[in-house]
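The values are calculated or read from the model by the stated rules, or taken from the named source; none is laboratory data. Predicted model only: the values in this text are computed from it and were never measured. Neighbour counts run over all protein chains shown; Cβ positions are idealised from the backbone, glycine included. For accessibility, only protein heavy atoms count, side chains too; no ligands or nucleic acids. Shrake-Rupley method; radii C 1.70, N 1.55, O 1.52, S 1.80 Å.
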Amino acid sequence: MKTVFFKSLLMSIFLCSISCTEDFFENEIPKSEPIAGKTTIGAYQSSLPYNLNVVYFIPSDVSARPEYERRISEFLLAAQEYYRQNMYNWGYGNRTFGLLKNPTTNRIKINVVSGSKPMASYNYSSGNQILSEVNSWFAVHPTDKTSEHTIVFTATPSINTEIPYYGLGRNCFVGDNEYNDYQYFNQNTTRGNQVKAYMGGLLHELGHGMNLPHDALPKSLQNTPGYGTSLMSWGNQTYGYSSTILSKPTAAILNNCQLFSTVAKPAGYFYNQNHGMQASVTQRTLSNGRIHVWGNFSVGSPINSLNVYFMPKDAPYHAVSGTAIQGSNAFYTYLDISDLYLTDRSYTIVVQAQFVDGGSNWQTFPLFNFVNGTPVIQ
């Protein structure tokens, strides 16, 4: 399902609802850049220098699921288009994550890794164990690793088999079973609903594997045409049923992600610069149902976005996010209290600097607490 919304509508509505502005740092939205030549590995090609590592992990007592190459290719090519459309809608150009594909067969490059243990040994908490085996495989096949980002599909005998299903650093884990087949996505059937749930989960976990945290759109945008639910909140449940989009801060993060780079960088460039950040909140006011926050910040290397998250205690899925209005070392942001989802707990504000090498750093500050349903500045 493609999410269709218009850039002009996005800007005008979001400017009125949360700390979003067109006054980006000068280099936030890249201009036309030359592509550094396509990547080619055997029959697989990509127009980008860095590409998602796709791993098919098969426990020792499980067989590769029927047609896994076709099914995984169709899911990930649809995911590539979803991210491309969202980046375009937020003004970041016609960009998406790199993915190696055979242009003749339309199949993507999948690295098959045989697990050393049976299925029962790879439960939900086994992400690090699987990742260790995957990394050992890449150590023997170094030319097959084309970025620092990996998605692992674990072959399972049924869709209900317990496996890791989350993001872990710049890696993410999902399952694979023949019941999940993208060709049934648009069917209003039990199987179609299962495939929608699977695709929503895949998009969400892939987001984590590409550096994205949980966040939510302002509550007023849930039913606003062109908006809807943030993928990185509970969008894995709404995808395929109602408008489910990336938030502007997530697009700002992907703008710097290695997988979205259109040019090759020197070895060690990504995620390795000085990410030192110092920030302070200098003033907080509450008036006419709106919280205003001013602060200062300094960083150790170039950034091109300053994201903010209004974080409710113990509920990151409900953290309403935006991009702060900033000067050279000061920032301002605001949020209407009516745009919060939870009014029974304390809130902090997370100020997150997005560095041009894809890294980030953040600091958290107390904001307010709800007392009998009324926010009180802390």
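Tally the residues that are surrounded by 13 or more Cβ atoms within 10 Å (Cβ to Cβ), in contact (Cβ under 8 Å) with a residue 24 or more places away in the chain and either out of contact with any helix residue (DSSP H, G or I) (no Cβ under 9 Å at 6 or more places or on another chain) or not in a loop (DSSP other than H, G, I, E, B) (or both), restricting the search to segment 354-378. So the count comes out to 13.
Is one or more of the residues making up segment 208-221 farther than 28 Å from residue 363 by Cα and modelled with pLDDT of 95 or more? Scanning segment 208-221 turns up no residue that is farther than 28 Å from residue 363 by Cα and modelled with pLDDT of 95 or more. Is it true that residue 314 is of a type in the set (D, E, K, R), in contact with a strand residue (DSSP E or B) (Cβ under 9 Å, 6 or more places away or on another chain), open to solvent by 10 Å² or more (accessible area, probe 1.4 Å) and in contact (Cβ under 8 Å) with a residue 24 or more places away in the chain? When the stated conditions are applied, residue 314 does not pass them.
Being basic (Lys, Arg), part of a helix (DSSP H, G or I) and surrounded by fewer than 20 Cβ atoms within 10 Å (Cβ to Cβ) is a condition met by no residue of segment 194-205. Inside segment 234-268, can you point out the residues that are among the aromatic types (Phe, Trp, Tyr) and either in a helix (DSSP H, G or I) or touching an Asp or Glu at 6+ places or on another chain (Cβ under 6 Å) (or both)? Matches in segment 234-268: 260 only.
Going by the conditions given, is residue 186 at pLDDT below 95 and assigned to a loop (DSSP other than H, G, I, E, B)? It is false that residue 186 is at pLDDT below 95 and assigned to a loop (DSSP other than H, G, I, E, B). Within segment 206-240, the residues that satisfy the criterion of being over 21 Å from residue 78 (Cα atoms) and open to solvent by less than 10 Å² (accessible area, probe 1.4 Å) are 215, 216, 217, 218, 221.
All of 319, 330 fail the test of being surrounded by fewer than 21 Cβ atoms within 10 Å (Cβ to Cβ), modelled with pLDDT of 95 or more and out of contact with any helix residue (DSSP H, G or I) (no Cβ under 9 Å at 6 or more places or on another chain), apart from 330.
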